[in-house]
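The values are calculated or read from the model by the stated rules, or taken from the named source; none is laboratory data. In this text the structure is predicted, and so the values were computed from the model without any measurement. Don't worry about glycine lacking a Cβ; one is built from the backbone with ideal geometry, like all the others, and counts go over all protein chains shown.
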Amino acid sequence: MSIDASDLIGLAQQLAAGDSECEWRSGASRAYYAAYHKALGIADDCLPPTHASTGLHRRLSNRFEAEGWRTDCSH
């Protein structure tokens, strides 16, 4: 079973509507993770790959920075 960004956003919204700080924090975490995966999908579709020896999140950021934050995709 594969999870995509919309699944994570749905969960984030449910958690954010909760009654506890734990739910709110978990919701924020899931929303961040959804945004990361959405950006990764856009990068994979529209930007050249990078082989920099950095962490995955930094590598994704570097891909967008290298292209001037420009994408021509309809995501």
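Here are the numbers for the structure shown:
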{"quantity": "Scan of the range 37-54 for residues that are under 15 Å from E65 (Cα atoms) and not polar (S, T, N, Q), ordered by number", "calculated": "A39, L40, I42, A43, D44, C46, L47, P48, P49, H51, A52"}
{"quantity": "Close pairs from the range 44-60: first within 21 Å of Y33 (Cα to Cα) and in a helix (DSSP H, G or I), partner aliphatic (A, V, I, L, M) and modelled with pLDDT of 80 or more, Cβ under 8 Å, at least 6 apart", "calculated": "L60/A39; L60/L40; L60/A43"}
{"quantity": "Lone unmet requirement of (1) part of a loop (DSSP other than H, G, I, E, B); (2) out of contact with any Lys or Arg (no Cβ under 7 Å at 6 or more places or on another chain); (3) surrounded by fewer than 13 Cβ atoms within 10 Å (Cβ to Cβ); (4) at pLDDT below 85 for T71", "calculated": "(3)"}
